[in-house]
Amino acid sequence: MTGTIRWTQDDTGVVTLTLDDPRQSANTMNRDFQTSLAAVADRLVAEQEDIRGVVITSAKKTFFAGGDLRELIAIRPEDAESAFTAVEALKRDLRRIETLGKPVVAAINGSALGGGYEIALACHHRVALDAEGSKIGLPEVTLGLLPGGGGVTRTVRLLGVTDALLKVLVQGTQYPPRAALEAGLVHEVAGTPDELLVKARAFIDAHPVSRQPWDTEGYRMPGGTPSHPALAASLPAFPATVRKQTAGAPYPAPRAVLAAAVEGASLDFETASTVESRYFIELATGQTAKNMIQGFFFDLQAVNAGRSRPSGHAPRTVRKVAVLGAGMMGAGIAYACAKAGIEVVLKDVSDENARKGKEYSAGLLAKALAKGRTTEARRDELLARITPTADLADLAGCDAVIEAVFEDPELKQRVFQEVQHVVAPDALLCSNTSTLPITLLAEGVERPDGFVGLHFFSPVDKMPLVEIIKGERTGDEALARAFDLVRQIRKTPIVVNDSRGFFTSRVIGRFITEGVAMVGEGIPAASVEQAAAQAGYPAKVLSLMDELTLTLPRKIREETRRATEAAGGTWTPHPADAVIDRMVEEFGRTGRSGGAGFYDYVDGERAGLWPGLAEHFGKRLAPGEIPFEDLKERMLFVEALDTVRCLEEGVLTSVADANVGSLLGIGFPGWTGGALQYINGYTGGPAGFLARAEELRAAYGERFEPSPLLREKAAKGEPFLD
Ligand code: NAI
């Protein structure tokens, strides 16, 4: 054993290197691995006379998990040179093994992502076990990084610049083993672990000497080098593809990948590899990678591992669920549950409605089948699990209920009263309400401690987040069961306390009203939309308002005003209110469903921003009167500031829930790592963020007022972390 790599050698001279970090459940490129690899490379070189070939495999469930993100997130800009030296040393060791002249085979027994696939790339032959859930690829870009362990340099030489960029690097695509074979990422697929090793040995037996294609005389890069006319002609299209992907938002990784690939393709292997290391270190020391690693990796892991799940309750599995209401949401929820193997009774007021709800699943499956993502057998199995009905008696034996009828408190209460005696006596009762208090809906059910909010997002099959809402009387057992149910259907749960708009609807509301307020200030609507896109939001702000309808904020505002005044508070109107009122009352423009809103619609399709906006709301603004940077930051700041308030008020109970909920639920830009990580990563940290909030407050109003918790964090110089 050499640290994290086990060396075994048989009497035919085949060395098996088993990656097996004794201190972790998965192998990563931590310091121990780097030391072990160096020692292994030394030994291979020293003993090469006695070695016939090398098999690299792993003793863990995954082949190799990739870079050590804990080490990566800790690299400071001032550590850049030492980090560069370490990366270069690791790559030299891989290169020594690669150029030994002996056949080296990767027996990929599980997922090989990022650094894991980079090790496999340094092998002459790659065989992957076709294991359920295994993924192969270089997803670094999704964490704001690039594959700096030789991944760019080798995929470019393996597949050519175009395929390497489009199939592997720019999107960070993760392939199941068979798809990886088709994409040219592995040479062979094995059906069993034994077959995996047999195939690996067969390669060694057939190749007394082995080199990489790029180290072989006469090697030509597939598709040619960038000076080749055909490739040269297609290169200018790449920056445009990247711009389209990032919409001008500050994502440095796709651009760095592009540069490393294209520059590297014209250079010799060693120089290209060094160029790749330079770009990698630039990204790794930058703020965006740290943000994305924090939000998309550490926080997401914490959330999924159950940070907010009450402890002391044994895990439960739902076998049969009643979905009430087969409309847009109910149909989607039924599909998600059936996909996870749960029996679903889909109930609506008529058989016809219920059947239509089931047809939605059939439609999704037909598309999946056409794209090769499912089989006829799996489709039929899934559909057989959904029973559409209008008969209450069919709900007998259900151990969970998810209600998605119209957004009407009396109807919802009545529906629960009807079903509570039909389903299993201890069934978990969940409502998918988007705005109504859970505590109110639980009134009238016999076991309010078993009642919980389960807020899905539309479209349910695509949206990964579910917001679990704890009402005043929700018990911990119900909360734990709701958590388990969300994990069972393979979604990500955040847990919030009952309050108006919960977390997600409340905070996305700030974003939308900020955009609408800008229109009221006379800012061209196109600039408002552009600012949202450049800030990194996936949806444009005014189009989102149109989707939700302009009548919704009016209704919510009225309810909030009444509630505030009833509680003795003072109601302050928002600058967006006047714009929305004029749009609805003066111009009859209520949003997409009404056929006209901030946009015009032709046959239900968005046609363009309504020209009347300029006429009725536009003002002559002096150039630079409202800086474009302010437009972007106003959207990000209103959301981040209110997220801090949600934490302060106890609506949110953890930073991880805040970051993950904002990233996966409401489209807070990915480069920030989430609404609270945005504050941590802002220039100057929380103190810098606070100073900027004060500026925005002076210029645009009290909604930018920093709350006490933010002031405290800024004063202590303490980031938001759990
Ligand atoms: P929808 O109008 O598409 O569907 C509601 C369905 O409930 C209809 O098919 C209706 O026939 C059925 N229904 C009415 N009374 C019923 C009863 N007594 N028993 C069984 N079914 C009955 O509405 P949608 O959009 O699916 O929304 C449903 C719920 O989900 C609402 O509470 C809504 O606020 C919430 N929600 C909606 C989201 C969205 O994006 N549309 C997002 C998250 C939550």
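The values are calculated or read from the model by the stated rules, or taken from the named source; none is laboratory data. Given the structure is predicted, the values throughout are model-derived calculations rather than measurements. Virtual Cβ from ideal backbone geometry, glycine too; neighbours counted across all protein chains shown.
Residues checked against (1) at pLDDT 95 or above; (2) of a type in the set (Ser, Thr, Tyr); (3) surrounded by fewer than 23 Cβ atoms within 10 Å (Cβ to Cβ):
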site: THR241; (1), (2), (3): no, yes, yes
site: ASP268; (1), (2), (3): yes, no, yes
site: SER273; (1), (2), (3): yes, yes, no
site: GLU276; (1), (2), (3): yes, no, no
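In the condition set (1) in contact (Cβ under 8 Å) with a residue 24 or more places away in the chain; (2) closer than 29 Å to VAL496 by Cβ; (3) assigned to a loop (DSSP other than H, G, I, E, B), PRO425 is compliant with all but (1). Within the stretch 318-341, the residues that satisfy the criterion of being within 17 Å of ILE468 (Cβ to Cβ) and assigned to a loop (DSSP other than H, G, I, E, B) are VAL318, ALA340.
Every residue, every condition in (1) without any contact (Cβ under 8 Å) to a residue 40 or more places away in the chain; (2) assigned to a helix (DSSP H, G or I); (3) basic (Lys, Arg); (4) not assigned by the TED database to the domain that holds THR18, yes or no:
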site	(1), (2), (3), (4)
VAL186	no, no, no, no
VAL189	no, no, no, no
ARG201	no, yes, yes, no
THR225	no, no, no, no
ALA233	yes, yes, no, no
PHE238	no, yes, no, no
ARG255	yes, yes, yes, no
GLU263	yes, yes, no, no
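Annotation note: Cβ proximity below 6 Å between a residue of the stretch 405-417 that is more than 16 Å from GLY450 (Cα to Cα) and a residue that is in a helix (DSSP H, G or I) and within 8 Å of the ligand (Cβ to nearest atom) (sequence gap 6+ or interchain) occurs for VAL405/LEU411; VAL405/VAL415. Of the helices (runs of 4 or more DSSP H) lying entirely inside the stretch 449-552, the ones with 2 or more residues being in contact with a strand residue (DSSP E or B) (Cβ under 7 Å, 6 or more places away or on another chain) are found at 476-488, 525-535, 541-548. The residues in the stretch 612-653 that are surrounded by fewer than 14 Cβ atoms within 10 Å (Cβ to Cβ), in a loop (DSSP other than H, G, I, E, B) and at pLDDT below 95 can be counted, and the count is 8. Output the residue which, of all residues in the stretch 1-34 that are surrounded by 17 or more Cβ atoms within 10 Å (Cβ to Cβ), among the polar types (S, T, N, Q) and more than 31 Å from the chain's Cα centre (by Cα), is farthest from PHE84 (Cα to Cα). By that ranking, first place goes to THR16. Selection of the stretch 306-322 for residues being within 15 Å of the ligand (Cβ to nearest atom) and either under 16 Å from ALA384 (Cβ atoms) or out of contact with any Lys or Arg (no Cβ under 9 Å at 6 or more places or on another chain) (or both) yields only VAL321.
One line per residue, one yes/no per condition, for (1) modelled with pLDDT under 95; (2) of a type in the set (Ser, Thr, Tyr); (3) within 29 Å of the chain's Cα centre (by Cα):
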residue: SER227; (1), (2), (3): yes, yes, no
residue: ALA232; (1), (2), (3): yes, no, no
residue: VAL257; (1), (2), (3): no, no, yes
residue: ALA260; (1), (2), (3): no, no, yes
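Please name all residue pairs, on different chains or six or more residues apart, with Cβ atoms under 9 Å, provided the first residue is in the stretch 429-452 and is touching a residue at least 60 places away in the same chain (Cβ under 8 Å) and under 18 Å from ARG481 (Cα atoms) and the second residue is more than 14 Å from the ligand (Cβ to nearest atom) and assigned to a strand (DSSP E or B). Once the first residue is touching a residue at least 60 places away in the same chain (Cβ under 8 Å) and under 18 Å from ARG481 (Cα atoms) and sits in the stretch 429-452, its partners that are more than 14 Å from the ligand (Cβ to nearest atom) and assigned to a strand (DSSP E or B) give ILE438/PHE451; ILE438/VAL452; ILE438/LYS470.
Residue by residue, here is whether (1) surrounded by fewer than 12 Cβ atoms within 10 Å (Cβ to Cβ); (2) under 27 Å from the mean Cα position of the chain (by Cα) holds:
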| position | (1), (2) |
| --- | --- |
| LEU369 | no, yes |
| ARG373 | yes, yes |
| GLU376 | yes, no |
| LEU383 | no, no |
| THR389 | no, no |
| ASP399 | no, no |
| GLU403 | no, yes |
| ASP408 | no, no |
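Residues are listed down the side, and each one gets a yes or a no for (1) more than 12 Å from the ligand (Cβ to nearest atom); (2) of a type in the set (Phe, Trp, Tyr):
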{"site": "GLU352", "(1), (2)": "no, no"}
{"site": "GLY363", "(1), (2)": "yes, no"}
{"site": "ALA368", "(1), (2)": "yes, no"}
{"site": "GLY372", "(1), (2)": "yes, no"}
{"site": "ALA377", "(1), (2)": "yes, no"}
{"site": "ILE386", "(1), (2)": "yes, no"}
{"site": "THR389", "(1), (2)": "no, no"}
{"site": "ASP399", "(1), (2)": "yes, no"}
{"site": "PHE406", "(1), (2)": "no, yes"}
